[in-house]
Every structure is written in structure tokens, then in C-alpha cells.
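Heads up: the structure comes next, in C-alpha cells.
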Amino acid sequence: MSSLVFYLLTVAIFFCIYCIYGWGLNLQFGLTGILDFTYITFVAIGAYFAGVAALQPGNGGLGEQYILGLHLPFPIPPIIGGIVAAVLAILIGYVGLKRLRSDYLAIVTVSVGQIVWTLIGNITPLFNGWDGISGVPQPFNSVFQLDFNHYQWVFLVICILFAVLGFLIIERLTHSPFGRVLRAIREDENVAAALGKNVFRYKMMAFVIGSIYAGVGGALTIAYIGAYNPSGFTTMETFIIWAAMLVGGSGNNRGMILGAFLVPVLFNEGTRFLPSPPGNPLLAESIRGMAIGLLLIFAARFRPQGILPERKTVFRLDGLQQGGEAGGDRLVPQ
Amino acid sequence: MAIVSFPSSILKVTNLAKSFGGVKAINDVSFIVREGTVTGLIGPNGAGKSSVVNAISGFTRVDRGVVELAGHDITNQAPHRIAARGLIRSFQIARELQKLTVLENMMVAPFQQLGESPWRALISRRAVMREEREHLAEAVDWLQMFNLFALRDEYAGNLSGGQKKLLELARALMAKPKVVLLDEPMAGVNPTLTKTLQGYISRLRDQGVTFLLIEHNLSVVEAICDHVVVLAEGAVLAEGQMNELRETEEVISAYLGG
Ligand SMILES: Nc1ncnc2c1ncn2[C@@H]1O[C@H](COP(=O)(O)OP(=O)(O)OP(=O)(O)O)[C@@H](O)[C@H]1O
Ligand SMILES: [Mg+2]
């Protein structure tokens, strides 16, 4: 297989995974207005737990230390990844979502992200510290026995299945009365409360469902790469997902697909091959960050709603049972 | 007195007090609202009317006093719990959900919709859609009544000030409240429509809905309020029927005289 095909397959896989990340963040911020500045931490937690759920018990033969080691078959690890991310979201949500002010959660998430990152790096028995875990088995490959190149196709199919399912679920939620309450909360929490909606509960649900997307996406990531360490979940990663959402169109799941293509794929991958001058290996990385930053600034200036803004909901009214003159006796129902 | 024939109180406020720093917004306020009446709450600017509505509906914690709704103590309960008991309030400065359309603003209002559960939204799509159609039909009726039907697919943030007030009222009524607290619902609404709204409120009252109405226009108050409470400086100054109150000296000096 040519290396170009190999590369394109890798990009396609990450494109699917970034879509999944993006839809989760979009539910949290685009729909509900929750400022989650540590989305990547939920990705990481999902990845790690899915990893140790799939790994052999003990030290995996590589001398790595990690908890669990349940040796569970796919798709159980992603389910575990999603659940653990959800549990973390509930804990953080209880601290951060009770307050009316959205910046409160923002600060809580930033701090929690730092704490989790530092703990995972420093407590080696958890997930092998800064070196991270590796050797996570590829889903189903004990059955297929393919080499890594051909296995790419299998994994792409798996990712597409997850992405399609993820899209169908998020779309249905977005355009349901549930999604409408979330948008009402985003616009004005007090109005939602005055209409009997339990704002804290809805924000918690949005936060948790979004985090499940993060956790499952993280589980796919580790299943694909086979390894994960703290350099995989820095603040830069959260920034990329945010940028993808804002550029693509927050509140619009299709815009999110576009954003996932533009930011992580085109901008992040596209700048990966910039030549790095000798003696300055970090230059390309910095240019990447700057390029995404510039893209964000341009988007904010010329397309503040994103390229595909949130779509207006237009109800079809044909065939409604209308009450006739001034609502007839339905004026006060019941 | 004619009042004897009214049904019992559905909303009872006893010795309510609330200070903001040094400002006593509510000093010591007690009154009742009888079921199926329109009770007016009037008083000069800064008298504490909105504060009373905020206190009843759970939007500000009171320092002292008791609020009872249909016999239940709801003092300092969370706003959504109070709303769930059938008490819906509107806001003095209209709070439209800007990036929702006019129809969507209406559709948020019904309480405990099936599809508000994410799980049900996913698996019970048909039942959810059926319920949506029912709510949609009601919403359309309300919007037609309030002359907002043509704007149904407009973002609520694009409405004019008066239209926003109308939407605020329509949305409150869409929630099928038992008790409605309206904070100057007709401020900024044109006279013809104000008349129409008065008609709706009276009609709803006749069907058993209870209103507490803050209103500065005394001829509106006189026309639709069965009973009026006059607030001044955070305390009840007088109460009775509007035509009696017009003759009361304290009311005249505190309010009507200016
Ligand atoms: N959140 C707050 N913080 C500080 N002071 C407040 C607050 N809310 C109300 N007040 C004060 O309480 C007093 C009563 O205000 P309130 O809004 O209840 O008056 P009102 O009767 O509704 O007046 P208006 O007719 O102008 O709407 C005012 O002096 C106001 O400044
Ligand atoms: Mg007021």
C-alpha cells in the first residue's frame, strides 16, 4: 500500500474521531452554552480507561504499570471509556454547574484539567505516568490478523460506524424538545427556570452526554494508536476542538463536520509537513497553533456564527387541529 | 361584602421582607390573591412590586415571611419548582429567547414534555412528534390571538419591544398556569391590542385562571382587576376595589397625585 493511501486513511480516521469530539462539545457549548475548557480531559479519561480495559492484566510485558487490565473485547472498552467520562462529568458538574454564572464552570474545568493532567503524569501506577500506556490491542484484529496497513481499512469502517451513529443520536437530540430546552437555557436560564425547567439538571445532562462523546472518541483514539500519554491531552488539543466548532458553526452538527475537516484535518495536518528549520524543532508546532488562531480570528471577524450557523427551526403547520376563532375553547386547555 | 362570595385564596403572602444592602425593597408585605380573580398590584416606581413578584416566584430569596401557593409553603423554593406547581411569571423587561423563533419560544413553555427527556427523545420519536403537534396547534392559536402569527418563524430577538411583551405574555399563558404573575404585561403595547388583551385576561379569569397583575395604567386596572393592592415604599398602603381606592387619600397622595 502506498504511503499516500496510508496517510489518507489515517486522516480519514482522525476526521471521524474529531467529528465525534466536536458533536459532544457542540452539545455542551453550541446548544447549552456550557464553557467546558477541558474537553480533552474527558477524551483522555475515556482513552485511558478504554485502554486499560482492553490491555492484558499486569504489566503487559512491556514493564508498564497501569490499573485494571481487564482484557475486554471491543466494543466494551469504548463503552467503559464513555461511562468513566460521564462519571467525571457528573463530579465536575456538581461543583461547577450549580452556579448561575457560566464562567464559574469555565474556571472549574480549567483547574480540573490541570489537576488531572498532573496527577496522571505523576502517579505512575495509574496509567504509567508521563510515558503513558502502549500496546493496546487493535479491535477485532485477533480475528482478522491483518498487518497494520490493511487493518487501517477495518478501523476506518469502525470509526465511520461510530460517527454515523453519533451523528444520528446528536441530531435527534438537537432537534428534539430536549435540545430546545438546552437552547432556551443558553439564551436565558431564568426564562427556562420560570417555565419550570430544572436548569441544573438539563445542564448536567448536556455536560454528561457531551462528555460521553469525548470519552468514546478518546477510546477510539487509543484503540487506533495503541498508546496514550499526557502529551496527547494538552490544552492545545481542547483549543483545536473549540476552534473546529467555532469555525464550522456552533449549534450546527453539520457545521461541526465541516469544522472538523477544516481545523484538525486541513490546518493541523496540513501544516504538519512544514519544514522545521534545524535547531528549532518546535517551530512547526507553533506555526500550527498560530495558523488555527488566525483562522479563528478571521472566522470571528467575517463569520461570527461559523461557516454553517445554527439553523432556524421552522415548524410545518399543515394539518394542525386548530381551535378556530381565537382558539375556541382551547383558550385554557383542560 | 362581595368578596365573601369569592373562592378561597390560592396565593398568600405573609410578612414578606427583603433588603438589598441598605435598600428595603420589601418591608412587610401581606396580602392574598383569591382563586379565579385578577388582583392588581399598583404603586409608584420603586414601590417594590417587581420585588414582590420575584420573591413569590423564587427568583429572589426573601429575608423573612411566607409565601403559600394553594396551601403549600413555597417560600424560597427554586423557581422551577414553583413554576412546576402551576405558578408562572412574566418579566417586566421582556426576556425573549433571542435565538429561538417566536414559535419555539412558545413551544418551550409546556410543562413536562415527553421529548424533554433525552432518552424519550431518542426512542419514543413518534409519541414525541404527536405531542409536538398538539403543542404546535395550541401555540398557533395563541400567536394568532396575540397578532404574532405572521412572525412565527422570526427570531424572537428581532421583534419590536411591544411584540416582545406580547410574546412574553403569550408564552406564560402557553404554560397553562393556574396562577399568573404579570409584571406590566401591557407596557409598550398599543391601545387597541391592550383592549384585546384585557378581554383575554378577563376571559381566562372566568375560566378559573388566577392573575396577579402589575400595571401602571389605572383605567386598565379599574377595568379588569377584581381587587387591588397598593404598594408604596415596600409596604401595603391600601387595598380594595379600584373605584374605592381612587377616593382614598393616602393612595391619592402617594400615587395618584404623583
Ligand atoms: N437586585 C436588586 N439590588 C438592589 N436593589 C434592588 C434590587 N431589586 C430591586 N431593588 C430596589 O428595590 C426597590 C424596589 O424595586 P422594584 O423593582 O421592586 O420596584 P417596582 O415597584 O417594580 O418599580 P417599577 O414600577 O419602576 O417597576 C427599588 O428601590 C430598587 O432599587
Ligand atoms: Mg417593576
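The values are calculated or read from the model by the stated rules, or taken from the named source; none is laboratory data. Keep in mind the model is a prediction, meaning the values are calculated, not measured. All Cβ positions, glycine included, derive from the backbone under ideal geometry; neighbour counts span all protein chains shown. The protein model used for the area step is the full one, side chains on, heavy atoms only, and it has no ligands, DNA or RNA in it. Shrake-Rupley method; radii C 1.70, N 1.55, O 1.52, S 1.80 Å.
Taken over region A:17-39, the criterion of being surrounded by 24 or more Cβ atoms within 10 Å (Cβ to Cβ) and of a type in the set (Gly, Ala, Ser) is satisfied by A:Gly22, A:Gly24, A:Gly30.
What tally of residues in region B:62-97 results from selecting those that are more than 12 Å from every other protein chain (Cβ to nearest Cβ), in a loop (DSSP other than H, G, I, E, B) and in contact (Cβ under 8 Å) with a residue 40 or more places away in the chain? Counting residues in region B:62-97 that are more than 12 Å from every other protein chain (Cβ to nearest Cβ), in a loop (DSSP other than H, G, I, E, B) and in contact (Cβ under 8 Å) with a residue 40 or more places away in the chain gives 4. The residue that is farthest from the other protein chains (Cβ to nearest Cβ), counting only those in region B:143-161 that are surrounded by 17 or more Cβ atoms within 10 Å (Cβ to Cβ) and in a helix (DSSP H, G or I), is B:Leu151. Yes or no: B:Arg133 within 13 Å of another protein chain (Cβ to nearest Cβ) and out of contact with any helix residue (DSSP H, G or I) (no Cβ under 7 Å at 6 or more places or on another chain)? Yes. The residue of region A:171-188 that is farthest from A:Arg254 (Cα to Cα), among those that are more than 8 Å from chain B (Cβ to nearest Cβ) and surrounded by fewer than 21 Cβ atoms within 10 Å (Cβ to Cβ), is A:His175. Within the set B:Val179, B:Val189, B:Val140, B:Val128, the sole residue that is touching a Gly at 6+ places or on another chain (Cβ under 8 Å), on the phi < 0 side of the Ramachandran plot and either within 10 Å of another protein chain (Cβ to nearest Cβ) or open to solvent by 50 Å² or more (accessible area, probe 1.4 Å) (or both) turns out to be B:Val128.
Residue by residue, here is whether (1) buried (at least 22 other Cβ atoms within 10 Å of the Cβ); (2) in the same structural domain as A:Ile79 (by TED's automatic domain parsing); (3) over 19 Å from the mean Cα position of the chain (by Cα) holds:
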| site | (1), (2), (3) |
| --- | --- |
| A:Asn190 | no, yes, yes |
| A:Ala194 | yes, yes, yes |
| A:Asn198 | no, yes, yes |
| A:Arg201 | no, yes, yes |
| A:Ala206 | yes, yes, no |
| A:Ile209 | yes, yes, no |
| A:Ala214 | yes, yes, no |
| A:Ala219 | yes, yes, no |
| A:Ile225 | no, yes, no |
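If a residue must be open to solvent by less than 70 Å² (accessible area, probe 1.4 Å) and either within 18 Å of A:Ala214 (Cα to Cα) or touching a residue at least 60 places away in the same chain (Cβ under 8 Å) (or both), how many such residues does region A:130-170 contain? Total satisfying the criteria: 20.
Taking A:Leu100, is it modelled with pLDDT under 85 and hydrophobic (A, V, I, L, M, F, W, C)? Outline the logic, then answer.
Working: modelled with pLDDT under 85: yes; hydrophobic (A, V, I, L, M, F, W, C): yes.
When the stated conditions are applied, A:Leu100 passes them.
Please find, within region A:275-307, the residue that is modelled with the lowest pLDDT out of those that are outside any helix (DSSP H, G or I) and open to solvent by less than 70 Å² (accessible area, probe 1.4 Å). Working first, answer last.
If we filter region A:275-307 for residues that are outside any helix (DSSP H, G or I), which is where we start, we get A:275-282, A:303-307.
Of the ones still in play, those that are also open to solvent by less than 70 Å² (accessible area, probe 1.4 Å) are A:276-277, A:280, A:306-307.
Working: A:Ser276: 62, A:Pro277: 66, A:Asn280: 71, A:Gly306: 85, A:Ile307: 85.
Here the answer is A:Ser276.
Looking only at residues in region B:199-251 that are polar (S, T, N, Q) and within 14 Å of another protein chain (Cβ to nearest Cβ), the one that is surrounded by the fewest Cβ atoms within 10 Å (Cβ to Cβ) is B:Gln207. If you filter region B:73-92 down to residues that are within 16 Å of ligand 1 (Cβ to nearest atom) and within 15 Å of the chain's Cα centre (by Cα), you find that the one that is most open to solvent (accessible area, probe 1.4 Å) is B:Gln92. Residues in region A:193-209 that are more than 7 Å from every other protein chain (Cβ to nearest Cβ) and over 25 Å from A:Gly82 (Cα atoms): there are none.
Taking the conditions exactly as written (within 16 Å of ligand 1 (Cβ to nearest atom), more than 22 Å from B:Leu69 (Cα to Cα) and among the hydrophobic types (A, V, I, L, M, F, W, C)), does B:Leu237 satisfy them or not?
When the stated conditions are applied, B:Leu237 passes them.
In region B:15-68, what residues are surrounded by fewer than 16 Cβ atoms within 10 Å (Cβ to Cβ) and more than 10 Å from ligand 2 (Cβ to nearest atom)? Matches in region B:15-68: B:Asn15, B:Ser19, B:Phe20, B:Gly21, B:Gly22, B:Val23, B:Asp28, B:Ser30, B:Arg61, B:Asp63, B:Arg64, B:Val66. Candidates A:Phe6, A:Phe49, A:Phe42: the one that is open to solvent by 20 Å² or more (accessible area, probe 1.4 Å) and assigned by TED's automatic domain parsing to the domain that holds A:Pro177 is A:Phe49. Considered as a group, the residues in region A:88-127 that are surrounded by fewer than 23 Cβ atoms within 10 Å (Cβ to Cβ) and aromatic (Phe, Trp, Tyr) include one that is nearest to A:Glu189 (Cα to Cα), and that residue is A:Tyr104.
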